[in-house]
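Q: Questions regarding the structure given below will be posed in turn.
The values are calculated or read from the model by the stated rules, or taken from the named source; none is laboratory data. Note that the structure is a prediction, hence the values are computed from the model and not measured. Glycine gets a Cβ as well: all are built from the backbone with ideal geometry, and neighbour counts include every protein chain shown.
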Amino acid sequence: MTVQSTWNLEDPDVVSAIDELPLWSAPFGQVLLDTILLKPGLRVLDIGSGLGFPALQLAQMLGTASTVIALDPWEAGGARLHLKMRQYGLTNVTIASGVAESIPFEDSSFDLITSNNGLNNVQDLRQAWTECGRVAKPGAQLVLTENLPDTMLEFYSCFKDTLSESSLADFIPAVDAHIHSKRKPIEETRQIISESGFNVVAEKHSRFTMRFLDGTAMMRAFLIRLAFLPAWKSIIPGEEQGRRVFEKLETNLDTLAVRQGELSLTIPFVCLDCRRR
């Protein structure tokens, strides 16, 4: 059976199938939602809203006296979010198309800014935080979650071992660079936050586990193929060379699963509760 590995993210049929992704984002989002200070009349900005989690939940938690702006550049995702808003009967959510590096709102516009594993995926993290500082009111709360560098450590260790076994150890630094581009060390994140005019008032560290029977099951999981596999494959140049590496990697993951009884991928993450100075 041929397994699809690429999608057109502007195709409504593809977008309609992504509703399972909160299974990935919900563990982060639950901690985020538990951290938010519920107050009447808040103006809220949710960065990287995607298909609407947690923006839609925030709108329902805060009630109609508050307004939630869902910011994301993904047009097809926004269309899906708009459909959900209509079905939910929500009138206190507004969709804004844009990126965190250039937030399309005036200075000191928001009482609360949230981002559920979204700010760590921007192109320019420092610029995104500078923009958050600009649009946050003095004293505003900013709550974000992000997964940490040891995310899927079991997979990445096996990936690096596979590269070494394939006489491709020269590509291991590219794996490390990929990890750093998506998941900064917490110390680096704290520094950027401070430089952007925020204080971290609380940190909540947690983790969850993604479980698969083996590497073959993992590599065929929709979330992995949609959100992770393209970036992993881009590390290895050449289609044929990449095919050989990933075939061997899948075999090595299967072997690991047999040895351990399953393939478990650990996802450590942090929720940062911040205030604008």
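Q: Of the residues in the stretch 58-77, how many are surrounded by 19 or more Cβ atoms within 10 Å (Cβ to Cβ) and within 21 Å of Leu112 (Cβ to Cβ)? Full working, then the answer.
A: Here is the first cut: in the stretch 58-77, the ones surrounded by 19 or more Cβ atoms within 10 Å (Cβ to Cβ) are 58-59, 62, 66, 68-72, 77.
From the residues that got through so far, the ones that are within 21 Å of Leu112 (Cβ to Cβ) too are 58-59, 62, 66, 68-72.
Going through the stretch 58-77 one residue at a time, the tally reaches 9.
Q: Thr162 - would you say it is polar (S, T, N, Q), within 30 Å of Leu112 (Cα to Cα) and buried (at least 18 other Cβ atoms within 10 Å of the Cβ)? Even if it seems obvious, please write down each step before you answer.
A: On the way: polar (S, T, N, Q): yes; within 30 Å of Leu112 (Cα to Cα): no; buried (at least 18 other Cβ atoms within 10 Å of the Cβ): yes.
When the stated conditions are applied, Thr162 does not pass them.
Q: In the stretch 211-224, which residue that is modelled with pLDDT of 95 or more and part of a helix (DSSP H, G or I) is farthest from Leu32 (Cα to Cα)?
A: The extreme case among them is Thr216.
Q: Continuing with the same structure: What is the number of the single condition among (1) within 30 Å of Leu142 (Cα to Cα); (2) exposed (fewer than 14 other Cβ atoms within 10 Å of the Cβ) that Leu223 does not meet?
A: Failed condition: (2).
Q: Something else: Run down Thr209, Thr151 and say which single residue is closer than 24 Å to Ala55 by Cβ, under 20 Å from the mean Cα position of the chain (by Cα) and either surrounded by 13 or more Cβ atoms within 10 Å (Cβ to Cβ) or in contact (Cβ under 8 Å) with a residue 24 or more places away in the chain (or both). Walk me through how you get there before you give the answer.
A: On the way: Thr209 fails: closer than 24 Å to Ala55 by Cβ.
From the options Thr209, Thr151, the qualifying one is Thr151.
Q: Let me ask something else. Taking only the stretch 175-196 into account, find how many residues are surrounded by 14 or more Cβ atoms within 10 Å (Cβ to Cβ) and part of a helix (DSSP H, G or I). If you could, list the steps in order and put the result at the bottom.
A: Of the stretch 175-196, the ones surrounded by 14 or more Cβ atoms within 10 Å (Cβ to Cβ) are 175, 178-179, 182-184, 186, 189-190, 192-194, 196.
Adding the requirement that they be part of a helix (DSSP H, G or I) leaves 175, 178-179, 182, 186, 189-190, 192-194.
Counting residues in the stretch 175-196 that are surrounded by 14 or more Cβ atoms within 10 Å (Cβ to Cβ) and part of a helix (DSSP H, G or I) gives 10.
Q: Let me ask another. Lys137 passes all but one of (1) out of contact with any Phe, Trp or Tyr (no Cβ under 8 Å at 6 or more places or on another chain); (2) among the basic types (Lys, Arg); (3) surrounded by fewer than 18 Cβ atoms within 10 Å (Cβ to Cβ); which number fails?
A: In the conditions (1) out of contact with any Phe, Trp or Tyr (no Cβ under 8 Å at 6 or more places or on another chain); (2) among the basic types (Lys, Arg); (3) surrounded by fewer than 18 Cβ atoms within 10 Å (Cβ to Cβ), Lys137 misses (1) alone.
Q: Which pairs do you get when a residue that is over 17 Å from Gly118 (Cβ atoms), found in the stretch 182-195, comes within reach of a residue that is of a type in the set (A, V, I, L, M, F, W, C) and assigned to a helix (DSSP H, G or I), reach meaning Cβ atoms under 8 angstrom, with the pair 6+ apart or on two chains?
A: Every condition considered, the pairs that remain are Glu195/Trp129.
Q: Yes or no: Lys137 outside any loop (DSSP other than H, G, I, E, B), within 20 Å of Arg43 (Cβ to Cβ) and not polar (S, T, N, Q)? Can you show your working first?
A: On the way: outside any loop (DSSP other than H, G, I, E, B): yes; within 20 Å of Arg43 (Cβ to Cβ): yes; not polar (S, T, N, Q): yes.
Criteria met by Lys137.
Q: How many residues, within the stretch 263-277, are more than 11 Å from Ser206 (Cα to Cα) and either part of a strand (DSSP E or B) or outside the structural domain of Cys132 (by TED's automatic domain parsing) (or both)?
A: Our first condition is that a residue be more than 11 Å from Ser206 (Cα to Cα); within the stretch 263-277, this holds for 263-265, 272-277.
Then keep just the ones that are either part of a strand (DSSP E or B) or outside the structural domain of Cys132 (by TED's automatic domain parsing) (or both); that gives 263-265, 272-276.
Counting residues in the stretch 263-277 that are more than 11 Å from Ser206 (Cα to Cα) and either part of a strand (DSSP E or B) or outside the structural domain of Cys132 (by TED's automatic domain parsing) (or both) gives 8.
Q: Follow-up. Being of a type in the set (Phe, Trp, Tyr), assigned to a helix (DSSP H, G or I) and out of contact with any Lys or Arg (no Cβ under 6 Å at 6 or more places or on another chain) narrows it down to one residue among Phe159, Phe208; which is it? Please lay out each step first, then the result.
A: Working: Phe208 fails: assigned to a helix (DSSP H, G or I).
Just a single option satisfies the conditions, and that option is Phe159.
Q: Does the stretch 167-182 contain at least one residue that is basic (Lys, Arg), at pLDDT below 95 and closer than 30 Å to Asn252 by Cβ?
A: First pass over the stretch 167-182, keeping only residues basic (Lys, Arg): 182.
Filter once more, keeping what is at pLDDT below 95: 182.
Now narrow it down to the ones that are closer than 30 Å to Asn252 by Cβ: 182.
Within the stretch 167-182, one or more residues are basic (Lys, Arg), at pLDDT below 95 and closer than 30 Å to Asn252 by Cβ.
Q: Could you list all residues from the stretch 102-126 that are part of a loop (DSSP other than H, G, I, E, B) and closer than 30 Å to Arg207 by Cβ?
A: Here is the first cut: in the stretch 102-126, the residues part of a loop (DSSP other than H, G, I, E, B) are 103-109, 117-118, 122-124.
Hits for the stretch 102-126 are Asn117, Gly118, Val122, Gln123, Asp124.
Q: Out of Gly89, Gly63, I need the residue that is farther than 28 Å from Arg190 by Cα, free of Cβ contacts under 8 Å to residues at least 24 places away in the same chain and more than 19 Å from the chain's Cα centre (by Cα). Which one? Quick ask: steps written out before the conclusion?
A: Details: Gly63 fails: free of Cβ contacts under 8 Å to residues at least 24 places away in the same chain.
Exactly one residue qualifies, and that residue is Gly89.
Q: Right, Glu195: modelled with pLDDT of 95 or more and either in the same structural domain as Val14 (by TED's automatic domain parsing) or farther than 30 Å from Arg259 by Cα (or both) or not? Full working, then the answer.
A: Working: modelled with pLDDT of 95 or more: yes; either in the same structural domain as Val14 (by TED's automatic domain parsing) or farther than 30 Å from Arg259 by Cα (or both): yes.
Yes; evaluated as a whole, the condition is true for this residue.
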